[in-house]
Amino acid sequence: MDSITIVIVIIGWVVVHFATLSREKRKEKRKIALTLIEEIKLTEETAITFQTSSLFNQQSRDTLLWKISRIINKGSLGFQVIKK
């Protein structure tokens, strides 16, 4: 009877372990997605300011392009993590 109890306990530990790993992966994916969404919102505000400005500002343009390329790079890395 004791060996059955031990086997059931070990199986329970394994199930809990895999459930915990799955939950941690979901939390990591959610964090990546929320970070990207926040960066996109901030970049959108920068783009609106740039596009509605009456004068062309090279520094604003360069900053906007840098933010967009950063989002693209982070996004491609983030999607690789999310797919796994």
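None of the figures in this text is laboratory data; all of them are computed from the coordinates on show. Quantities reported herein were computed from a predicted structural model and do not represent experimental measurements. Glycine gets a Cβ as well: all are built from the backbone with ideal geometry, and neighbour counts include every protein chain shown.
Here's a check for you: in segment 47-63, which residue that is among the aliphatic types (A, V, I, L, M) and either in contact (Cβ under 8 Å) with a residue 24 or more places away in the chain or surrounded by 10 or more Cβ atoms within 10 Å (Cβ to Cβ) (or both) is farthest from N73 (Cα to Cα)?
Going residue by residue through segment 47-63, those that are among the aliphatic types (A, V, I, L, M) are 47-48, 55.
When the remaining residues are screened for being either in contact (Cβ under 8 Å) with a residue 24 or more places away in the chain or surrounded by 10 or more Cβ atoms within 10 Å (Cβ to Cβ) (or both), the result is 47-48.
Details: A47: 18, I48: 22 Å.
Among residues in segment 47-63 that are among the aliphatic types (A, V, I, L, M) and either in contact (Cβ under 8 Å) with a residue 24 or more places away in the chain or surrounded by 10 or more Cβ atoms within 10 Å (Cβ to Cβ) (or both), the one farthest from N73 (Cα to Cα) is I48.
Which residues, counting only those in segment 32-67, are of a type outside the set (F, W, Y) and either touching a strand residue (DSSP E or B) at 6+ places or on another chain (Cβ under 7 Å) or not in a helix (DSSP H, G or I) (or both)?
Of all residues in segment 32-67, those of a type outside the set (F, W, Y) come to 32-49, 51-55, 57-65, 67.
Selection gives S53, S54, L55, N57.
Restricting to segment 1-60, count the residues that are in contact with a helix residue (DSSP H, G or I) (Cβ under 7 Å, 6 or more places away or on another chain) and of a type in the set (V, I, T).
4
For segment 48-65, give me each residue that is among the aromatic types (F, W, Y) and under 26 Å from the mean Cα position of the chain (by Cα).
Matches in segment 48-65: none.
Within segment 26-46, track down each residue that is touching a residue at least 24 places away in the same chain (Cβ under 8 Å) and more than 8 Å from the chain's Cα centre (by Cα). So that I can check it myself, show each step before the final result.
First, pick out the residues of segment 26-46 that are touching a residue at least 24 places away in the same chain (Cβ under 8 Å): 28-29, 32-33, 35-36, 39-40, 42-43.
Result: E39, I40, L42, T43.
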